[in-house]
Amino acid sequence: MDNLLPAKPCRVVDSQVHGPPTGVAFARCNGYDSGVLSAALDRVLAPLGGMTAFVRSGCRVLVKPNLLTDRPPEAAVTTHPELVRQVIRRLKAAGAVVVVADSPAFVTQVEQVWRVTGMQAVCAEEGVPLLCMEAAPLTTLSHDGYTFSVSNLALNADLIVNLPKVKSHSLTVLTAAVKNFYGVIPGHLKTELHKTHARPERFGGLVRAICRAMPTSLTIADGVLAMEGDGPSSGTPVPLNFLAASADPFALDLALCDVLRIDPEQVPYLVGLSHTPDYTARVRYGECPDVARFRLPRNTSRLVLNLLPDWLVRRIGKLIWFRPAFGSACVRCGKCVTACPVHAIALRPRGVPILNGPACIGCCCCHEVCPAHVITIRPSPIVRLERRVARAFAMPTQDDA
Ligand code: SF4
Ligand code: SF4
């Protein structure tokens, strides 16, 4: 199915992109009304040279929104369909051949995801195919010491227009430009990779490697209605009223860290980047938002543990975990059971699901798919103790960020 993209070569000419490749543009956008959004999109792309700096006639373009699961646009879990519509229109006006694709967390109900997120209607109205990443053959890549298989829909595109939602994330603290590329891995392989790279540091390295292996991209982040708190699917929608754009997804996420007051060293896929030569000078354009407070997930604080030597953390590693707890409003749909890559959850004849705690790798896949939002990720007693110590010594935690 990857041949839905015609094999006409077209490369972005870097010199057409204005300013340094790591520049990040912001534009205020107070809602998803098509006129407001269209004007904001023009403003955010203008400092980068506009859409035509990235696209030429005949370019094969993959539009990659965040379609995590079957939630309506107002839940702020998925990229808003009106942003996808406006992007499609600009790409088509520039002569691109456009495909929209993603790999939702719960792939067996993909039609429901397309319908509920509003993506099916937009793609039908704009006349572009809406595909699952699983629809194309896979290519196995090795990058930065990680091996993974990605959909040829992504790999064969001349340009990926990456459209993440700006959200907090219980495993990676932030999910935006870089993490959105994880969706180029087909669903069943995503869960396998969660299993083999369970620790946040390893998972962060994997996410970084996947992003680096991708073709040229333009990221436009949807921060109009973002998600804070227990993201990526059970947090609280929060109007931040901005779009952000960059040719460099790492630069964009570092800029979001600045805006949202997140320490990038707490984001596993950004660790160490902010001090490298490419990212020390952070070029910003446009209407940089002023966000006074952005709530992070309650259960990601490991600051005190970070102060301990590695050998000690390894010794007590088994005591450090984050695991799901199931609320009584569970509707017994079984989605968490299917989503768990290590089969750590089972449904019982009655009541909430039961967890095999030691088997759990803390990947948050169950949390992402629960339609009733009754799964919370809870820290182990030693992590709770760490928090008490942090508070006693007035050290900041993620809760305070
Ligand atoms: S129980 Fe949930 S958090 Fe634990 S491994 Fe399974 S899906 Fe991941
Ligand atoms: S916890 Fe959520 S996903 Fe799991 S069975 Fe209950 S409602 Fe379904």
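Go through the range 350-383 and count every residue that is in a loop (DSSP other than H, G, I, E, B) and either near ligand 1 (Cβ under 10 Å from one of its atoms) or without any contact (Cβ under 8 Å) to a residue 60 or more places away in the chain (or both).
13
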remark   = Going through the range 350-365 in order, the residues found to be in contact with a Pro (Cβ under 9 Å, 6 or more places away or on another chain), under 12 Å from F322 (Cα atoms) and modelled with pLDDT of 80 or more are C360, I361
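Considering only the range 339-358, I want to know if a residue exists there that is under 21 Å from the mean Cα position of the chain (by Cα), within 10 Å of ligand 2 (Cβ to nearest atom) and surrounded by 15 or more Cβ atoms within 10 Å (Cβ to Cβ).
Filtering the range 339-358 for residues under 21 Å from the mean Cα position of the chain (by Cα) gives 339-341.
Still in the running and within 10 Å of ligand 2 (Cβ to nearest atom): 339-340.
Remaining after also requiring surrounded by 15 or more Cβ atoms within 10 Å (Cβ to Cβ): 339-340.
Yes; the residues of the range 339-358 include at least one that is under 21 Å from the mean Cα position of the chain (by Cα), within 10 Å of ligand 2 (Cβ to nearest atom) and surrounded by 15 or more Cβ atoms within 10 Å (Cβ to Cβ).
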request  = Residues being modelled with pLDDT under 95 and buried (at least 18 other Cβ atoms within 10 Å of the Cβ): count how many of those fall in the range 206-219.
outcome  = 0
ask   = Does C336 satisfy the condition of being under 23 Å from the mean Cα position of the chain (by Cα), outside the structural domain of A105 (by TED's automatic domain parsing) and either more than 7 Å from ligand 2 (Cβ to nearest atom) or acidic (D, E) (or both)?
value = no
ask   = Just wondering, is there one or more residues in the range 229-244 that are among the hydroxyl-bearing types (S, T, Y) and not in a strand (DSSP E or B)?
value = yes
key: Residues that are at pLDDT 95 or above, of a type in the set (V, I, T) and in a helix (DSSP H, G or I), drawn from the range 83-110   = V84, V87, I88
key: Given (1) of a type in the set (V, I, T); (2) within 21 Å of G235 (Cβ to Cβ); (3) touching a strand residue (DSSP E or B) at 6+ places or on another chain (Cβ under 7 Å); (4) at pLDDT 95 or above, index of the condition V331 fails   = (3)
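Taking strands (runs of 3 or more DSSP E) that do not extend beyond the range 129-209, which have at least 3 residues that are touching a Pro at 6+ places or on another chain (Cβ under 8 Å) and closer than 23 Å to F242 by Cβ?
Where strands (runs of 3 or more DSSP E) fall fully within the range 129-209 and carry at least 3 residues being touching a Pro at 6+ places or on another chain (Cβ under 8 Å) and closer than 23 Å to F242 by Cβ, they are 159-163, 165-169.
The values are calculated or read from the model by the stated rules, or taken from the named source; none is laboratory data. Note that the structure is a prediction, hence the values are computed from the model and not measured. Don't worry about glycine lacking a Cβ; one is built from the backbone with ideal geometry, like all the others, and counts go over all protein chains shown.
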